[in-house]
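The values are calculated or read from the model by the stated rules, or taken from the named source; none is laboratory data. Everything quoted here is computed from the prediction, not taken from an experiment. Note that we place each Cβ from the backbone using ideal geometry, even for glycine, and neighbour counts take in every protein chain shown.
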Amino acid sequence: MLEIKNLHAAVDGKEILQGLTLTVEAGKMHAIMGPNGSGKSTLSYVLAGREGYEVTAGSISYDGHDLLQLKTEERAAKGIFLAMQYPVEIPGVSTLTFLKTALNAQRRARGDSELDAMSVLKLVRKKAEALQVSEEMLKRPLNVGFSGGEKKRLEILQLSLFEPKLAILDETDSGLDIDALKLVADGVNATRSPQRGMLVITHYQRLLTYIVPDRVHVLAGGRIVAEGGKELALELEAKGYAQVAKEPA
């Protein structure tokens, strides 16, 4: 589904990714772990097509397409979803209006008919209940005044609604207490599918206690330096990134 080869990427002229190679298969949950500044968020932004992130070498193949030739909106239309570490606020636009507009844009891109307001409301209510996204939250401007936990639950609600082919979750556990973490993890696990590849980016093993990955990759210095099964996350917790990164892969 996703094949990254020898990827180099720079921000403001500074190279952050320095030869990253990674494959994500449909139906699999991959975890990217690494210290601050290793390039984890840069990888997510490059995949999503965020402006200011320049790919200087390498290739990315996604679902048979050259991803680097697609605009940001084209990537979203083809099923790439990014749950951001810091979701943006949009004053003046209600959360429900945003969800309706984005959902129907996705449906149009896939050749499906749009849903009317009542159909969207029923669908959103059904999926929101499990994530404890209240009616009051749906009426409020998008992310404005939301707590960290509320923002992350809303991101997972979008994941559930949009049903992407590739989901990238950037530090979904950031700022969550243990109850919110479990709730968000349950929401993520509910979206796992044989047709969907998932890439979870995190600093800590605690998230992977609840979202168990098929494969763990350690990112340091802009490249993958170690790979393994779910037990690798426990090894990182015990030894730290520096020790694992210098051991033979």
### Task
Might you let me know whether region 38-57 holds any residue that is within 24 Å of G229 (Cβ to Cβ) and over 14 Å from the mean Cα position of the chain (by Cα)?
yes
### Summary
The condition of being in a helix (DSSP H, G or I), closer than 30 Å to Y62 by Cβ, at pLDDT below 95 and not acidic (D, E) holds, among R107, R125, only for R107
### Task
Report yes if E163 is crowded, with 18+ Cβ neighbours inside 10 Å and within 21 Å of A102 (Cβ to Cβ), otherwise no.
no
### Query
Taking region 191-211 as the region of interest, how many residues are more than 14 Å from A83 (Cβ to Cβ) and of a type in the set (A, V, I, L, M, F, W, C)?
1
### Query
Among the residues of region 103-131, how many are touching a residue at least 40 places away in the same chain (Cβ under 8 Å) and either in contact with a Phe, Trp or Tyr (Cβ under 7 Å, 6 or more places away or on another chain) or buried (at least 16 other Cβ atoms within 10 Å of the Cβ) (or both)?
3
### Task
Would you mention how many residues in region 4-26 are loosely packed, with under 15 Cβ neighbours inside 10 Å, in contact with a Ser or Thr (Cβ under 7 Å, 6 or more places away or on another chain) and not polar (S, T, N, Q)?
1
### Query
What strands (runs of 3 or more DSSP E) completely inside region 1-94 contain at least 1 residues that are touching an Asp or Glu at 6+ places or on another chain (Cβ under 8 Å) and without any contact (Cβ under 8 Å) to a residue 40 or more places away in the chain?
14-24
